[in-house]
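Values quoted throughout were computed directly from the atomic coordinates according to the rules given, and no laboratory measurement underlies them. From a predicted model like this one, the values you see are computed outputs, not experimental measurements. Every residue, glycine as well, gets a Cβ built from its backbone with ideal geometry; the counts of neighbours run over all protein chains shown.
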Amino acid sequence: DNCAMQLCTNPSQFDVILTGNIFGDILSDQASVITGSLGMLPSASVSSPGKPGIYEPVHGSAPDIAGQDKANPLGMVLSAAMMCRYGLNEPEMADIIEDAVKSVLAKGYRTGDLMGASPAGAELTQVSCSQMGELLLETIAEEEIMVSFMPK
């Protein structure tokens with residue numbers, strides 16, 4: 001119960017929270033309020049070292065919006081970053097993915113679920129799931145070009 005209270009009062013103290021499944025479900029739903037949407041949260045079910053893990057967004061499959069291009073892909077994208085960092089030992093790729101998400105959000109792009117959770121007066125542009133994916137790919141491509149020209 002203290003973790004739930006700390007998650008509300010000082011969420012930035014946490015990088016990773018390791019729990020059993022039921023308590024993890026409760027805390028992830030609580031954490032979604034902090035981020036503005038379940039669509040933002042990555043998660044992982046990890047095994048022992050050297051064994052594969054499962055990396056997936058906290059939210060379910062959202063059958064109510066299936067096929068409508070409304071889903072927020074950022075939870076899945078950030079889950080892929082977690083997989084790169086923790087499952088594949090590719091922290092540089094994880095950084096690139098996470099930086100792309102931060103950059104796209106900093107530019108004011110939001111899927112519908114995030115529009116109401118953003119600060120009042122912020123200049124925002126609502127995008128679809130596929131548009132968010134394209135923005136992320138463009139940002140990653142720009143980052144890769146910049147990195148390729150940097151002296152080593």
Intensity falloff of segment 1-88 expressed as log10 I(q)/I(0), Debye formula with alpha-carbon point scatterers, at q = 0.22 Å⁻¹:
-1.17
Over 13 Å [Cα-Cα, segment 69-115], rounded percent:
57 percent
Based on the mean of other Cβ atoms within 10 Å per residue, sort peptides 116-124, 41-49 so the most packed one is first.
41-49, 116-124
In nanometres, the difference between 0.36 nm per residue of separation and the alpha-carbon distance of S45 and E144 is 32.7 nm
Tell me the label-point distance for the pair K70, S128, using the 7 Å Cα-to-Cβ offset, in nm and rounded to one decimal.
1.3 nm
In this structure, the FRET efficiency calculated for E90 and T35 from their beta-carbon separation, with R0 = 25 Å, to the nearest 0.05, is 0.55
Taking every alpha carbon pair in segment 15-152 and sorting the distances into 10 angstrom bins from 0 up to the bin holding the longest one, the percent per bin comes out as 11, 38, 35, 14, 2
HN-Hα J couplings of segment 88-97 from phi, Karplus 6.51/-1.76/1.60, θ = phi - 60°, integer Hz, Gly and Pro as x?
10, 6, 10, x, 5, 5, 4, 4, 4, 5
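Would you please give the FRET efficiency between D99 and D15, computed as 1/(1 + (r/R0)^6) with r the Cβ-Cβ distance and R0 = 22 Å, to the nearest 0.05?
The value I calculate is 0.85.
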Give the Debye-formula value of log10 I(q)/I(0) at each listed q (0.17, 0.20, 0.24 Å⁻¹), with one equal scatterer per alpha carbon of segment 50-90, two decimals each.
-0.53, -0.65, -0.80
With each label point set 7 Å from Cα along the Cα-Cβ vector, what nm distance links F23 and D1?
1.4 nm
